[in-house]
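Report on one structure; see the data block that follows.
The values are calculated or read from the model by the stated rules, or taken from the named source; none is laboratory data. Every value quoted in this text rests on a predicted model; they were computed, and no experiment measured them. Neighbour counts run over all protein chains shown; Cβ positions are idealised from the backbone, glycine included.
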Ligand SMILES: *Cc1c(COP(=O)(O)O)cnc(C)c1O
């Protein structure tokens, strides 16, 4: 699929190409049919997994799911997870590097993700006490868990220490809190040494940005000097870092510093055996680099233009995820491992020479292809100055990350009145949601619906499993959180996370 930077224009006709030719949405489960009901202006065509195509080509199945579970609904199928992980393992194996993957659970809250990760032989990265507790309850073995939570209150530290999971120490206060817990024997039983990794804040430079997380290599080295390498209650098993962004070179720089720290710790008698490079491994939501470039050209041209703007009220998009990236997952890891660390020595060489295992904690890139969000069309309205709106039974926290917008075109499933007869007029509109806020936009881009939209139609947001469904979802206005279903042997089953009761025992206001 291609689009020249100048077309289609927001006000002009859609430039027809072979793949955008309208055809009945109820036809074969092909991509072409699925795209015909909705395109962004200009289009950003989502990559769809076969299971997504199959579901979206079946309006009755989509409607039944919403009737049973409510709108919106987060639909998961984790069949892509092992394939995503294998891209990384294969790249590491090719360079003779031992790799262990811990999927960052904060990117998707379902218990189904944890089960899928376990079935694929992957570990899990935990960001809170409840995440950890749920993993342990599910039977995930401690050696498959790393705890990286940004803030670790005493109950989380206690649970991590008693479980034997790998605890990543972020800072000196946290290390002191751990010492205090271990010093009061009743609070943490079992006399074994607890495995910890030290979170390194790499020296900021032009390549490596500053970070709020971790301590400097020097701080950790000095800390480790006071710890007995054999007797201490904590056993330093590894060095960890997690950087903002996706630059493999920045990670190679951080790795070089981590390796120096490993060497220094080994000289002190400690025996660190892995380096964990965190997450931030890139993925693409869009297959076509030209579409991505065309979108940004059009964005530059039209920002600030009045009612023909690409975005809501012409407001520019600034902080956005790179929804198309050239180098992703396996190839990205290969580039990282091939980065030169010293003359004639790569990152892979440096790890191999020291017998160090490489670990990583990818979230988003492992969840690529694992979920979509369905929402029911409730109404078609317009602003008082004439901008068409499609109102969904959904709110904007239910498909949202720290990015300004989710730059992936929805798929329109004709489950409403026009499923049998096409009656509604074409419309260019914005998707709005249920929160009583003026700019309550599900997406900030104008979308074209060539065959119109009807009440009861379903808007599908593709590839939302990584962060978009869960990381910022809220239940404001007393509207419940979205339900989550996971593909099981015999169809879709409700994920048990939706049944987990609040952990905090709230005081009864009446008592
Ligand atoms: C968020 C986070 C990850 C996952 O990052 P992705 O960008 O989703 O791969 C991994 N490790 C830590 C410590 C994190 O905070």
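Odds and ends about this structure:
- Test set (1) buried (at least 16 other Cβ atoms within 10 Å of the Cβ); (2) away from the ligand (no atom under 16 Å from the Cβ); (3) touching a residue at least 60 places away in the same chain (Cβ under 8 Å) - residue 264 fails condition number: (3)
- The listed residues are 402, 381, 397, and the only one of them that is at pLDDT below 95, in the same structural domain as residue 69 (by TED's automatic domain parsing) and either over 30 Å from residue 488 (Cβ atoms) or surrounded by fewer than 23 Cβ atoms within 10 Å (Cβ to Cβ) (or both) turns out to be 402.
- Taken over segment 140-156, residues that are farther than 17 Å from residue 108 by Cα, away from the ligand (no atom under 16 Å from the Cβ) and touching a residue at least 12 places away in the same chain (Cβ under 8 Å) amount to 5.
- Residue match in segment 167-175 (condition: surrounded by 22 or more Cβ atoms within 10 Å (Cβ to Cβ), part of a loop (DSSP other than H, G, I, E, B) and either touching a helix residue (DSSP H, G or I) at 6+ places or on another chain (Cβ under 6 Å) or touching a residue at least 24 places away in the same chain (Cβ under 8 Å) (or both)): no
- Which numbered condition residue 384 misses (of (1) touching a residue at least 40 places away in the same chain (Cβ under 8 Å); (2) away from the ligand (no atom under 16 Å from the Cβ)): (1)
- Among residues that are modelled with pLDDT of 95 or more, touching a strand residue (DSSP E or B) at 6+ places or on another chain (Cβ under 8 Å) and buried (at least 18 other Cβ atoms within 10 Å of the Cβ), residue 376 is included.
- Annotation note: Cβ proximity below 7 Å between a residue of segment 112-133 that is at negative phi and a residue that is modelled with pLDDT under 95 (sequence gap 6+ or interchain) occurs for 130/503.
- Taking residues in segment 219-232 that are farther than 10 Å from residue 265 by Cα, and partners anywhere that are in a loop (DSSP other than H, G, I, E, B), the pairs with Cβ atoms closer than 8 Å and at least 6 places apart or on different chains are 227/270; 230/269; 232/193.
- Complete set of residues in segment 322-370 that are assigned to a strand (DSSP E or B), closer than 13 Å to residue 97 by Cα and away from the ligand (no atom under 16 Å from the Cβ): 346, 357
- Meets criteria (assigned by TED's automatic domain parsing to the domain that holds residue 145, part of a helix (DSSP H, G or I) and within 16 Å of the ligand (Cβ to nearest atom)) for residue 258: yes
- Checking segment 290-297 against the condition returns no match, with no residue being under 23 Å from the mean Cα position of the chain (by Cα), under 21 Å from residue 354 (Cβ atoms) and surrounded by 20 or more Cβ atoms within 10 Å (Cβ to Cβ).
- Test result for residue 416, touching a residue at least 40 places away in the same chain (Cβ under 8 Å), on the phi > 0 side of the Ramachandran plot, touching a strand residue (DSSP E or B) at 6+ places or on another chain (Cβ under 7 Å) and away from the ligand (no atom under 16 Å from the Cβ): no
- Candidates 466, 456 - the one that is at pLDDT 95 or above, in a loop (DSSP other than H, G, I, E, B) and more than 16 Å from the ligand (Cβ to nearest atom): 456
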